[in-house]
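Below is one structure, written out as structure tokens; the observations come after it.
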2 protein chains.
Amino acid sequence: MFETAELKEKMSKCEYEDLLPQLRMALFNLQQKVKKARVPVAVVIAGVSGAGRGNVFNLLNEWMDSRTINNVSLWHLDNDKYPEYRKYWLTTPAQGEISLYFSGWYAPVFDNTNGSLESSVMKAVSFEKALIAGGTKLIKLWLHLSEEDFEKNKKKREKKNKTDPFDEGCKDYKRLKKTASKVIRLTDLSDCRWNIIGCHDKRTRNISVMRILIKNLQQALLEAESVHKEADYVPMKHTVRILDSVDLTKTLESDEYTKQLEEYQNNLYELTIKAYKKGISTVVVFEGWDASGKGGAIRRLVKSVDARIRSVMQVSAPLPYEKSHHYLWRFWNRVPAKGEMTVFDRSWYGRVLVERVDELTTYKDWSSAYEEINSFEAQLCEANIVVVKFWIHISQEEQLKRFKEREALEWKNYKITSDDWHNREKAPRYFDAVEDMLTRTSTEIAPWTIVEGEDKYYARVKVLKTICNALKNKLKEV
Amino acid sequence: MFETAELKEKMSKCEYEDLLPQLRMALFNLQQKVKKARVPVAVVIAGVSGAGRGNVFNLLNEWMDSRTINNVSLWHLDNDKYPEYRKYWLTTPAQGEISLYFSGWYAPVFDNTNGSLESSVMKAVSFEKALIAGGTKLIKLWLHLSEEDFEKNKKKREKKNKTDPFDEGCKDYKRLKKTASKVIRLTDLSDCRWNIIGCHDKRTRNISVMRILIKNLQQALLEAESVHKEADYVPMKHTVRILDSVDLTKTLESDEYTKQLEEYQNNLYELTIKAYKKGISTVVVFEGWDASGKGGAIRRLVKSVDARIRSVMQVSAPLPYEKSHHYLWRFWNRVPAKGEMTVFDRSWYGRVLVERVDELTTYKDWSSAYEEINSFEAQLCEANIVVVKFWIHISQEEQLKRFKEREALEWKNYKITSDDWHNREKAPRYFDAVEDMLTRTSTEIAPWTIVEGEDKYYARVKVLKTICNALKNKLKEV
């Protein structure tokens, strides 16, 4: 794998100075085009200590317009309050920006510090796939040194008293090389291969880096321009549907409701305190028809958790700056810290619901979202987060009744807008989308719970009970 | 102070249920108006443990449209990598939003955990003043219980096994009351007084909270509507100006430059590693005329610091979502973590430079910014951050020469826009603004360094040297 990179390729100063200005100008112009085409670009600069990662980092800033470059060096900012990949997600480039990652998500992989190598690699791969699917051009560079050069370099640095003050894992060259070769093999994706760059000679290295970037940015522009001719989407015609089999006659009497509500609220209070103390977090997702009672259920839920350890994210259409990021970006930003609960009033499932139904997203994009969402939720679960997801179901007749009630009541008035009436007309298309969502994202680690919402009392208690049970089970585990 | 609140005021259920709907509707409607008027509102809910802070938190969410409410409970999210107030700044409301703070910045003050009470109080006051000056309506609630009620409540909770799991500082009622009374006295600002609310009876408490909010939101709307008739700004006519006395003949020969540059770069590399290890951070601010050489100086600076511990913020006009926040908000977001360096290519001084000159901000607002900025920088220094500020000065003739050069060179072309030519025309007004800025914000803890920029070599070396010295001095201290 590293054979070519260990050949001692050299370039004369003369040749270098001849090439540099043209390549530099080409790179600069490409950056401007990428910016205009609104392509997000992520570059990972990994490699052997001493091969010049920092140098390349600086040169890229010098060669390009640094105003649209994010320099990301997160290696030591380990905040174990959050799932590992949150910090990488939050620093992904917006459209037209370039994020340069100093080792990035590969730092812990190469150091092999976080659990098994295989599971680290899997996380990296699913993150990269999600980025690529979201339109990001991802470029991975491995700056390589032979053992001889590595040792020479180390001695030179020691002499100058300039050893790498941060790179602890890199002292054992042989081990690093072995790990790197395995990691590179396992993460060499077909749509994003590693670029191995020999760094025996700085000039050769710089020119290689430039050429690779130029080639990749050119590709990115071509990809952005090419119109993907898609096959028309033909929805599955389900003859039996999950939602049709929901028993909407379930009810709860007022007395029983008051009793059970209090019981589960107290129960949940205790459980969330215990969970806080053990560092177990909770993510609760609410999806459902308009006027199905999400708001009321959320209020009862939120009331039973100490205000200091929970928050609610009200999800509506993304703002412009949010929209220039990957759709999961704003949700990663609200993942609960250790021990806390975040309640999502609508969620990332908008990608496969409203965005699909209203054709805000292409078929290609929303259909790849199921996998991305499953991978996202798997990462949450892995970080000791309990994921509970509710679809609150009501009949179309009940919805109509509630819409009319809302219009009549002054203080509920604000809850009903023309959007709600429009969505109602699209109910058949929503039925298809919900069916696919429930089928494809109900996983063993993050299952959907369908809540019979026709009777609000019944629904609210079922929500609380489900969360209590999920927390109880998790607490037993740890 | 707490006498009235300790009277055992009670309200009948009947009266409560009579009042509630009207007040609720009034509050709800006011929230909508505040949203429309784009007034940011911050509410602090502090008080005795058991008085019902969490309860009030929840009720406010229920009474109002929770979609524009941020619930902030930061009490335990202590990340000592950043200055204390960063987390409060980052959660301040945008225009039209309401941030509810569970104790907020008063949690550490009442617990008296962070240093002396006086210095905690000063920080709180200067934070609040900046918010208020920035147009935020700030409302502070103290939910009070008498000792008798506090003890009763505690016993009841203990019986139910529902003691406050987080409130460690609140076990000693007498101590808390004493501290609270002092803190409230010291932070009872004329434009934002504390509201002390007796919580002997929940209904009385709820109605009081509602009435206070209603009154304050009404006030906020009136304030937002009233047009402040301002006295015209009459600029000081300085007969002797700092900038005129800058010696622009200073130069450095090429050989000497190369030698010194390398020396200081190595020097700085060592110093920043040492600083990192000791948790000392650095903020470097670059301001100066267009084409004065900020970019070049920044590149040389950045090159000499390990890429993993520094970042550069390129400051231009705020994006819409940034603009809906206080002008310091986006800078608090980029304050360096412990041990790191952030370089600001232009900065918060935009408030008193471009915003003043181009009349983007009223006289009232930019003239109060000097104090706010000094307080901001004082907080940075207090958090062990070295603040170095450069004004790079060149003559108008030199600027013209450089503009023309840039236009001629293909790869420097992007650096010059019509904005630059427009700014040049406004030079006399900039002279006044710079003069005021240098005079009013050169403090002993964060002084300005004027860099003679006519000769780029000289300027770059002076920048590096100044930062080295500042770091050296700080390292001696600790």
Cα axis of helix A:117-133 to longest principal axis of chain A: angle in degrees, 0 to 90, nearest 10?
-> 80 degrees
May I ask you to compute the full-extension gain from A:Glu322 to A:Glu253, defined as 0.36 nm times their residue separation minus their alpha-carbon distance, rounded to one decimal in nm?
-> 20.4 nm
Kindly give Rg over Rh for the range B:360-409, based on alpha-carbon atoms, with the Kirkwood expression for the hydrodynamic radius.
-> 1.22
Helical mean residue ellipticity (222 nm; -39500 (n - 2.57) per DSSP H run of 4+; nearest 500) of chain B = -16000 deg cm²/dmol
Report, to the nearest 10°, how far helix B:254-278 tilts away from the longest principal axis of the Cα atoms in chain B, using its own Cα long axis and a range of 0 to 90°.
-> 20 degrees
The ³J(HN,Hα) series, computed from each phi in the range A:5-10 with the Karplus coefficients 6.51, -1.76 and 1.60 at θ = phi - 60°, rounded to the nearest Hz and given as x for glycine or proline, is 5, 9, 5, 7, 5, 9
Could you list which residues have their amide H under 5 Å from that of A:Phe344, counting only those 5 or more apart in sequence or on another chain, with H placed in the peptide plane?
-> A:Val284, A:Val285, A:Phe286, A:Met313
What is the spin-label model distance, in nm, from B:Leu400 to A:Tyr414 if the labels are put 7 Å beyond Cα along the C-beta direction?
-> 5.9 nm
What angle do you read, to the nearest 10 degrees and between 0 and 90, between the alpha-carbon axis of helix B:13-36 and the longest principal axis of chain B?
-> 20 degrees
Label B:Lys202 and A:Ile445 with points 7 Å out from Cα along Cα→Cβ: what is the distance between them in nm?
-> 4.0 nm
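Taking the Cα centre of the range B:336-377 as origin, work out the dipole magnitude from +1 charges on Lys and Arg Cβ and -1 charges on Asp and Glu Cβ, in debye rounded to 20. Mind dumping the intermediate values first?
Numbers: 5 positive and 9 negative charges, 12 e Å.
Approximately 60 debye in magnitude.
Please work out whether the range A:273-409 counts as rounded, prolate or oblate from its C-alpha gyration tensor, where a ≥ b ≥ c are the square roots of the eigenvalues and a/c under 1.5 means rounded, while otherwise a/b larger than b/c means prolate and anything else oblate?
Oblate is the answer for the range A:273-409, as a/c is 1.5 or above yet b/c matches or exceeds a/b.
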What residues have an amide H closer than 5 Å to that of B:Lys140, excluding those fewer than 5 places away on the same chain, when H is modeled at 1.01 Å from N in the peptide plane?
-> B:Val44, B:Asn195
Residues in the range A:115-153 reached by a label modelled at A:Glu3 [backbone nitrogen below 20 Å; 7 Å Cα→Cβ] | A:142-149
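Can you compute the FRET efficiency between B:Asn333 and B:Glu359 using 1/(1 + (r/R0)^6), with r the Cβ-Cβ distance and R0 = 22 Å? Round to the nearest 0.05.
For R0 = 22 Å, the calculated efficiency reads 0.25.
Give the average, rounded to an integer, of partner chain Cβ atoms located within 10 angstrom of each Cβ in A:302-314.
Rounded to a whole number, the mean comes out at 6.
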With 18 Å as the limit, write out which pairs from B:Lys277/B:Lys476; A:Lys81/A:Lys294; A:Lys415/B:Lys35; B:Lys36/B:Lys323; A:Lys259/A:Lys476; A:Lys123/A:Lys472 have Cα-Cα distances beyond it, or answer none.
-> A:Lys81/A:Lys294; A:Lys259/A:Lys476; A:Lys123/A:Lys472
Tell me the Kirkwood hydrodynamic radius of the protein assembly as shown in angstroms, computed as one over the mean inverse distance between distinct C-alpha pairs.
-> 31.1 Å
Determine the principal axes of the Cα atoms in chain A, then give the extent along each, sorted from largest to smallest and rounded to whole angstroms.
-> 86, 49, 40
Note down the nm distance, to one decimal, between modelled labels 7 Å out along Cα→Cβ at A:Ile214 and at B:Asp191.
-> 5.8 nm
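Coordinate-derived values only; no laboratory data. A quick note: this is a predicted structure, and the numbers were derived from the prediction, not measured. FYI the Cβ positions are ideal-geometry reconstructions off the backbone, even for glycines, and counts take in every protein chain you see.
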